[in-house]
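One structure below.
The values are calculated or read from the model by the stated rules, or taken from the named source; none is laboratory data. Because the structure is predicted, anything quoted here is derived from the model rather than measured. Reconstructed Cβ throughout: ideal geometry from the backbone, glycine too, with neighbour counts over all protein chains shown.
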Amino acid sequence: MTKITSLKQITANKLNAQKSTGPRTEKGKAWARRNAIKHGLRSVDVITVGENPSEFEQFNQQMLKELQPVDLFSMQLVNKIVITAWNLKRSDKIQSGILAYEMQSYEADEYKNKLQPINHSDFAKEDATTVTYHNLIMGLSFLRDCNSGNAIVKLGSYETRLLHRYTQLHEQFKAYKREHYESR
C-alpha cells in the first residue's frame, strides 16, 4: 500500500531540508563522502575503509618498478593499471569474504547434519572427510548465494570488466613504450 504525502508534509520536508547544513568538520565531510560505498570496486579513492595504505603504497612501488614509466603519459597509464590491479586484488578479498560468510551460515544451519562424507579415490584417507566437508560447505554456500543475492555472479561481472580493463591498459602501455622509446 502506497502512502500519499500531503502538501503540508511536503512543505514541512522542504523547510527542514533547508535547515540541514550537513557535516561541518573535515573529518565529518570525509566520512560523508564514503556514505555510498558498497564494495569499493568503483571508488574514486584508491584506498577504502579497512584497507592498509602502506600495503597499497608497497604494491604501487612494485608496479612502478616493474613497468618503469618513462614520461607523464606512460605514468598516467601505469597509475590506471595499478588502480585496476588493486581493484582486482580487492575483488579476490570480497569473494573470499562472501564465501566465508555463507560457510559460517551453513555451519550453524540445519544442513550441517545432512552432509555425508564422500569417499573418493583421489583423496588421501586422512584428508577425505576434511576436503569433502569443506568442499560441500563451499558448494552449498555458492548455491545459497546463487538462489538469493547473486553476489558472486555480480562480483564476477565486476572482476571480468576489471580484468579486461587491466589487459587493455597493459597492452596500451607496452605499445606506447615500444613506439616512443624502444624504436629509437
In segment 42-82, the residues that are outside any helix (DSSP H, G or I) and either modelled with pLDDT of 90 or more or more than 17 Å from residue 94 (Cβ to Cβ) (or both): 44, 68, 69, 70, 71
Quick one: which residue in 105, 96 is at pLDDT below 90, loosely packed, with under 12 Cβ neighbours inside 10 Å, among the hydroxyl-bearing types (Ser, Thr, Tyr) and closer than 30 Å to residue 47 by Cβ? 96
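Results for (1) modelled with pLDDT of 85 or more; (2) closer than 30 Å to residue 46 by Cβ; (3) surrounded by 12 or more Cβ atoms within 10 Å (Cβ to Cβ), shown as yes or no for each residue.
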{"position": "84", "(1), (2), (3)": "yes, yes, yes"}
{"position": "121", "(1), (2), (3)": "no, no, no"}
{"position": "145", "(1), (2), (3)": "no, yes, yes"}
{"position": "149", "(1), (2), (3)": "no, yes, yes"}
Does any residue of segment 164-180 turn out to be among the aromatic types (Phe, Trp, Tyr), surrounded by 12 or more Cβ atoms within 10 Å (Cβ to Cβ), more than 24 Å from the chain's Cα centre (by Cα) and at pLDDT 80 or above? yes
Checking residue 117 against (1) of a type outside the set (Ser, Thr, Tyr); (2) modelled with pLDDT of 75 or more; (3) not in a helix (DSSP H, G or I), which test does it fail? (2)
